[in-house]
Every structure is written in C-alpha cells, then in structure tokens.
Amino acid sequence: MHQTFIDYHAALRRGERKGRLIRGHLFAEKLFLQNVWYPLFGHLDHLHPEYEIFDWNRKSQFIDFAYITPFGRFGIECDGFQSHVKDMDREKFSYSLNRETFLTAMGWKMMHFSFDDIQNRPEICRMLLQMVIGPSMIRKGAANSAAISAAIIEKEVLRLAWRLNRSIRPKDVIDQLDVDFRTARKWLRSLVEKGCLSPIVKGKDIRYYELNEGALEHI
C-alpha cells in the first residue's frame, strides 16, 4: 500500500518536488500512515505526501502531508524531538511559529504529531486527527458519502453533547452539523442503542437526550 501510494505521487512530479518526496518521506511518515491515518479512514484519497507550500516571501517549503478536500485543507506534520525541538535555534523557532500563523491565514488547518506518539500512542493521534477533520467533513455533507464513517459522526455528536453541558436536542445537531431532522434523529437514536445517550420523554414524544455515564469513553 505505502509504496504504491508513493509511486503514484512520484509519477506526477518533476524536479525538486519529486526529489523531496523520495528523500523526505521517511520512517515517521510511513508509520503515521500505518498507525494513524489508514486505521482511521481506511483510504488515502486526497492525501498528498511531502506537499509544497510557499511562505510570505514565496519561499518554497514542504509539509509532511496535505489533505486537500472540498471541505477544507489540512496540513499534517510528523515531528521528531531532535529535529523540531532540540536542534532548533531562536531564528528557526520564530520562523516555525510565523509559518504556522501564515498557513492558518491562508486557510490551512495545521496538525502536529510527535514521532513518539505516532509510534507508541497512535490512538491519541487518531483521536485528535478525527476531532480536527471530522466536523468539517460532516458540515460539508461528506457524512452522506463513503468519506466518513458512522463512528466518526457519532463521536462528533457526543462531543457536541459534552460541549453543550445540558441535554442535547435534535435541533442542536441540525444547527451545529447542518443536517436535516431525520438524519439528526437517526444519529441520536443510534447512540441510544449503543448506551451512550438516554432519551427524555415529554408527553408522548422524545424531546431531549442525556449523556450516560461512560459516554466519553466512546469519544
């Protein structure tokens, strides 16, 4: 899988962009795909390794991965302690912060994962990656395609319920995730069946849903 992925992108590139892919895509990046990305999404669509970007001086830079989709642009960096902390001087530190802010201004959402977490605690990386990308996928309608799983959607609903700090209503899901009533109710009922939510009945209808104890373990 990994070599096919690299060969595909290398065939589309020339010059330094191709050279950077061959030289720069190393063990940490391969491990990220193996331990974090593929177990979460199950595909490599729209993911670009060693993606070229430009800073405010039009200086060419490369980020480890770019996930470019109709619902947003996401940059992913796999950072080793030695190269990104221990060997960094004041000038490099300042440039790193400025580049991050510039990319944010240009519409990127940047994520950084340490090599130690990618190797030893990939479940943390998967959780954080999902928390950043998941809401954008849902709001742009990707929830109705194969691009996002039901598990990711349900976790986003649970996070919404946690943020509200009160009972969650179908209207809350509709407003926050830009879906219709039928879809919101389907997601909430699924979480009831899984024991994450309890329905609150008023009259003959279910009006609210409350988080059950232990629901956060599913986020």
A careful count of residues in the stretch 53-80 that are under 19 Å from the mean Cα position of the chain (by Cα) and surrounded by fewer than 16 Cβ atoms within 10 Å (Cβ to Cβ) gives 2
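Kindly provide the set of residues from the stretch 1-22 that are within 21 Å of GLN119 (Cβ to Cβ), surrounded by 11 or more Cβ atoms within 10 Å (Cβ to Cβ) and at pLDDT 85 or above, ordered by number. Please lay out each step first, then the result.
Pass one, the stretch 1-22, residues within 21 Å of GLN119 (Cβ to Cβ): 1-3, 5-6.
With surrounded by 11 or more Cβ atoms within 10 Å (Cβ to Cβ) added as a condition, the list becomes 2, 5-6.
Answer for the stretch 1-22, where residues must be within 21 Å of GLN119 (Cβ to Cβ), surrounded by 11 or more Cβ atoms within 10 Å (Cβ to Cβ) and at pLDDT 85 or above: PHE5, ILE6.
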Counted residues in the stretch 12-22 being assigned to a helix (DSSP H, G or I) and in contact with a helix residue (DSSP H, G or I) (Cβ under 9 Å, 6 or more places away or on another chain) come to 3
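Results for (1) assigned to a helix (DSSP H, G or I); (2) touching a strand residue (DSSP E or B) at 6+ places or on another chain (Cβ under 6 Å); (3) modelled with pLDDT of 90 or more, shown as yes or no for each residue.
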position	(1), (2), (3)
VAL173	yes, no, yes
VAL179	no, no, no
GLY195	no, no, yes
ILE206	no, yes, yes
GLU210	no, yes, yes
I'd like the full set of residues that are in a helix (DSSP H, G or I) and either in contact with a Ser or Thr (Cβ under 8 Å, 6 or more places away or on another chain) or within 20 Å of MET131 (Cβ to Cβ) (or both), limited to the stretch 156-171. GLU156, VAL157, LEU158, ARG159, LEU160, ALA161, TRP162, ARG163, LEU164
Six or more apart or on different chains, Cβ atoms under 8 Å: show the pairs whose first residue is in the stretch 101-113 and aromatic (Phe, Trp, Tyr) and whose second is assigned to a loop (DSSP other than H, G, I, E, B). PHE102/ASP55; PHE102/TRP56
May I ask you to say which residue of GLU29, GLU50 is buried (at least 18 other Cβ atoms within 10 Å of the Cβ) and within 30 Å of ILE153 (Cβ to Cβ)? GLU29
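The values are calculated or read from the model by the stated rules, or taken from the named source; none is laboratory data. A quick note: this is a predicted structure, and the numbers were derived from the prediction, not measured. Heads up, the Cβs are rebuilt from the backbone with ideal geometry, glycines too, and the neighbour counts pull from every protein chain shown.
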